[in-house]
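First the structure, in the form of structure tokens, and then the observations on it.
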Amino acid sequence: MLTLAPAASGPSRARRGWGRRLFRRYAPALFGAGVLLLLILGSSLAPALSSYDPEKSSLRERRAAPSWSHPMGTDTLGRDVLTRLLYGGRISLTIGALATAVGIALGTLIGALAGYYGGVVDDLLMRLADLLLALPRLLMLILLALLMRSLEIPLLRAAGGLGGTVLILGLLSWTGVARLVRGQLLGLRQQEFVVAARALGVRNLRIVFRHLLPNTATPIIVAATLLVASTIIAESGLSFLGFGVQPPTPTWGNMLNGAQDEMRKGNWWMAVFPGLMIFLTVISINYIGDGLRDALDPRRAGR
């Protein structure tokens, strides 16, 4: 007697096979997404995950090594390192996301105008981008940070200078995106659909934002993921040097700044764990960016 297999087994096997192929192909990106999700959840749920106050000192517990009560030890003021990492993640990840948004918005606008209009507009905007690329980035970050400190603007000085840090990093991170968008539009502006839109009397700005920029969404998305990683590194470096978000507001960068002298005394946990958070975040975002590039680029689809 012939026994028929259940009808759902074929599609189910196909789905499982597709899932295995997807995992093998984008395993690093999926791993990066999982790690980044854990970091975001941990930072978001910091009050629920830790009962310690990230800014409250305890001189009796200064420089305590990792233990059950303090899994990542305490710092020079007796503050729980794990708690400060969770709360610091909020600031570092927020700065990375907001500064990237500013950089992507500026870069997209400037690149679109340069690529579409060309001529004098293109020359002026791209020379400005070249000037910013030629200047030492770290020096510019420090100078702008000092300028922001001198301005008595509450929004820029809130949360230890979070607003000012976001603005600084955003203003210095648009050049690569602008070049990318400009290159895309230089190739698209002579396409038939653009010529047809002009013939119909469609306004230039509408052509740029309605017809051209949607066709550059894929490289912009990939650039945004990689820009988040570089922005987090820049913020960490700026805070490490003492020019970013100011204590007692914790960030991973200023936690490293407070731990640099402790490494010589054998208190390794104060520097290792903040550095590990930065490393995991950056490498996870880079994996996600690589996966998005492979998934969204049609030239790589068959590889």
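The values are calculated or read from the model by the stated rules, or taken from the named source; none is laboratory data. Computed from a predicted structure; not experimentally measured. Because the Cβ atoms are built from the backbone with ideal geometry, glycine has one as well, and the counts that use them run over all protein chains shown.
If you filter region 185-205 down to residues that are among the aliphatic types (A, V, I, L, M) and not in a helix (DSSP H, G or I), you find that the one that is farthest from Gly119 (Cα to Cα) is Leu200.
Given the condition farther than 18 Å from Ile285 by Cβ, small (Gly, Ala, Ser) and out of contact with any helix residue (DSSP H, G or I) (no Cβ under 8 Å at 6 or more places or on another chain), answer yes or no: does some residue in region 109-119 qualify? Checking region 109-119: at least one residue is farther than 18 Å from Ile285 by Cβ, small (Gly, Ala, Ser) and out of contact with any helix residue (DSSP H, G or I) (no Cβ under 8 Å at 6 or more places or on another chain).
Per-residue answers, yes or no, for (1) within 26 Å of Thr281 (Cα to Cα); (2) at pLDDT below 85; (3) within 22 Å of the chain's Cα centre (by Cα); (4) of a type in the set (D, E, K, R):
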| residue | (1), (2), (3), (4) |
| --- | --- |
| Val166 | yes, no, yes, no |
| Leu169 | yes, no, yes, no |
| Ala197 | no, yes, no, no |
| Glu235 | yes, no, yes, yes |
| Val245 | yes, yes, yes, no |
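Applying the selection to region 76-110, what residues are surrounded by fewer than 23 Cβ atoms within 10 Å (Cβ to Cβ) and over 30 Å from Thr225 (Cβ atoms)? Answer for region 76-110, where residues must be surrounded by fewer than 23 Cβ atoms within 10 Å (Cβ to Cβ) and over 30 Å from Thr225 (Cβ atoms): Thr76, Leu77, Gly78.
Being part of a helix (DSSP H, G or I) and among the polar types (S, T, N, Q) is the filter; apply it to region 248-280 and report the residue that is surrounded by the fewest Cβ atoms within 10 Å (Cβ to Cβ). This residue is Asn257. Scan region 224-235 and tell me whether some residue there is in a helix (DSSP H, G or I), within 30 Å of Gly78 (Cα to Cα) and acidic (Asp, Glu). Yes, region 224-235 contains a residue that is in a helix (DSSP H, G or I), within 30 Å of Gly78 (Cα to Cα) and acidic (Asp, Glu). Of all residues in region 170-197, those satisfying the criterion of being of a type in the set (S, T, N, Q) and surrounded by fewer than 15 Cβ atoms within 10 Å (Cβ to Cβ) are Gln190, Gln191. Hey, among Ile283, Ile220, which residue is crowded, with 17+ Cβ neighbours inside 10 Å, among the β-branched types (Val, Ile, Thr) and part of a helix (DSSP H, G or I)? The conditions single out Ile220. Taken over region 41-55, the criterion of being out of contact with any Ser or Thr (no Cβ under 8 Å at 6 or more places or on another chain), of a type in the set (S, T, N, Q) and either in contact (Cβ under 8 Å) with a residue 12 or more places away in the chain or surrounded by 12 or more Cβ atoms within 10 Å (Cβ to Cβ) (or both) is satisfied by Ser43, Ser44. Selection of region 267-294 for residues being farther than 18 Å from Leu93 by Cβ and modelled with pLDDT of 85 or more yields Asn267, Trp268, Trp269, Met270, Ala271, Val272. Scanning region 56-75 for residues that are under 20 Å from Val272 (Cα atoms) and out of contact with any Gly (no Cβ under 8 Å at 6 or more places or on another chain), we see that the one that is surrounded by the most Cβ atoms within 10 Å (Cβ to Cβ) is Thr74. When you check Arg84 against the structure, is it among the basic types (Lys, Arg), part of a helix (DSSP H, G or I) and at pLDDT 90 or above, yes or no? Taking the combined requirement at face value, the residue satisfies it.
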